[in-house]
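Worksheet: the structure to be examined is printed underneath.
Derivation of every value follows stated rules applied to the coordinates shown; laboratory data play no part. It should be emphasised that the depicted structure is a prediction, and the values quoted were computed from it without experimental measurement. Cβ atoms come from the backbone with ideal geometry, glycine included; neighbour counts cover every protein chain shown.
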Amino acid sequence: EEKVWPLIEAGKVRPLMDSTFALNEAASAHARMEESSHAGKIVLKVS
């Protein structure tokens, strides 16, 4: 943990993003998650 946070703060390590959905597409995001074929994070965008 002590070694990872400095890398994240420096932008050297980033989470892998699979897909981004608008909040009103939450059902589609959930369906994508249930497919279990995603690699990375599924993000809901609130705007």
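Neighbouring Cβ atoms within 10 Å as the yardstick, rank 14, 32 fewest first.
Starting with the residue having the fewest Cβ neighbours, the order is 14, 32.
Would you please state which residues of the stretch 3-33 a label at residue 42 would reach in this model, taking the label point 7 Å out along Cα→Cβ and a backbone N cut-off of under 20 Å?
15-33
Sort largest first and round to whole Å: the equivalent ellipsoid semi-axes of the chain, each the square root of five times a Cα gyration tensor eigenvalue.
Listed largest to smallest, the semi-axes of the chain are 27, 13, 7 Å.
GluC sites (Glu not before Pro) within the chain: which are DSSP loop residues with at most 10 other Cβ atoms inside 10 Å?
Within the chain, the qualifying GluC sites (Glu not before Pro) (loop, at most 10 other Cβ atoms within 10 Å) are 1, 2.
So how tilted is helix 26-35 from the main axis of the chain? Cα-based, degrees 0 to 90, rounded to 10.
Roughly 70 degrees between the two axes.
Once amide H atoms are built 1.01 Å from N in the peptide plane, which residues 5 or more positions from residue 21, or in another chain, come under 5 Å H to H?
Hits under the 5 Å cutoff: 43, 44, 45.
Please list, in order, the residues from the stretch 1-27 whose amide nitrogen is less than 20 Å from a point placed 7 Å along the Cα→Cβ vector of residue 35.
The answer is 16-27.
Note down the net charge around residue 38, summing +1 for each Lys or Arg and -1 for each Asp or Glu among other residues with Cβ under 14 Å from its Cβ.
Residues close to residue 38 contribute a combined charge of -1.
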